[in-house]
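Here's the structure, in structure tokens; my notes come after.
Values quoted throughout were computed directly from the atomic coordinates according to the rules given, and no laboratory measurement underlies them. The structure displayed is predicted, hence computed values, not measured ones. Every residue, glycine as well, gets a Cβ built from its backbone with ideal geometry; the counts of neighbours run over all protein chains shown.
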Amino acid sequence: MNRWLLRRAASAMGTFLLACTLLFFLMRLTPGDPLLRLSEDRPMSPEALANLRAHYGLDQPVTTQFVAFVGGVLRGDLGASIEHGGRPVVSLLRERLPASLLLGATTLLLNFSLGIAIGAWQARHAGRRSERWVDLAGLATASAPSFWVAIVLAWAFGTELRWFPVAFMYDPLLPADASPLAHVIDYLRHLVLPAATLTIVTVGVTARYQRATMLEALAMAPVRAARARGLTESRVRWRHAWPNALGPMLALFGLWLPIVVSGSVFVESVFAWPGLGTLAAEALASRDYPVLMGTAILIAATVVAASFFADLAHRWVDPRLRTT
């Protein structure tokens, strides 16, 4: 176990460093100059542009920039934003992270609660017409573009019915002396539409995965033996089949976990949700490469860490993996 843990940790660190390397060089290959974009708003002399280029290290060779970049990442220094007046990128990420955590955690909770329930129901009714219709609906929602679903929900429930607000994380006109309950309700009302959008476009995948793992678990010999001993079908499914289907679901949870950090660029942009997705979209529009790199690195670190801990949880749940 210790040997496997060391190998897996080394693999995770190598994957993260490889992702940082690819992100750095791919970013350098993108067209456009962020300083020229900055000079469009505030005309600057060539000397001022040269000083800014030296300040951000853009006048150095690419290899020198890369070494400085990797050193900064290892120290937790992601550089300074060009568009935000030289503010540290880490400060901007820390400022936007709570909104993304709120949206992502809500989405994960809804995704797995509904997805596991729907998938288990599909496995129980596999092959029936009603199950096929549910499966088709799941495929349709999983295939729908998130920005299109966001626009439809905003139009239907925000513009037409006026049930929920369609922008921002809270109402700026809400009095500061309003009760804590009023503030909580305001946050929840603003959360409904973006969380519903992300849940709609992801829950179908979770349900299909749960259906497949449940059907595979129900075909295992110990589960068939439990059914042959005369146990009720409900006990067979939840005491014997579902624990065997839980391991693969933990791996899927690790893949979905980056939603907690990144949310969705398109969904956050549609609803003006002040999270990391909106920050990345703004940085892309303004060619603020340090912020864009910082956001991408944070997401890459989340993906690697989530995969690592999902593997640990899978081995803990499934004793058969502890021998490998």
Under 5 Å between amide hydrogens, which residues at least 5 positions from A80 or on another chain qualify, with H placed 1.01 Å from N in the peptide plane? V89
0 to 90° range, to nearest 10: angle between helix 289-317 axis and the chain longest Cα axis: 20
Along the Cα-to-Cβ line of A48, 7 Å from the Cα, sits a label point; which residues in the range 69-107 have backbone N less than 18 Å from it? 82-87
Computed over the chain: longest principal axis from alpha-carbon atoms vs helix 276-286 long axis, angle to nearest 10 degrees, is 40
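What is the ratio of the Cα radius of gyration of the range 93-323 to 2.2 N^0.38 Å, with N the residue count, to two decimals?
On the way: Rg = 20.5 Å, N = 231, 2.2 N^0.38 = 17.4 Å.
Rg over 2.2 N^0.38 Å, computed on Cα atoms: 1.18.
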Total charge of the residues flanking F164 in space, meaning their Cβ is under 14 Å from its Cβ, with Lys and Arg +1 and Asp and Glu -1, is -1
At 7 Å along Cα-to-Cβ for each site, give me the label-to-label distance between L173 and Q65 in nm. 4.6
Mind checking which of A126, A225, A301 has the largest fluctuation in a GNM of the chain, springs on alpha carbons under 10 Å? A225
For a footprinting-style exposure proxy, rank S307, S143, S100, S113 by other Cβ within 10 Å, fewest first. S143, S113, S307, S100
Which one, L279, L102, L136, has the greatest fluctuation when you compute a Gaussian network model over the chain with C-alpha springs under 10 angstrom? L136
Looking at the chain as a GNM with Cα springs under 10 Å, which of T107, T141, T206 has the largest mean-square fluctuation? T141
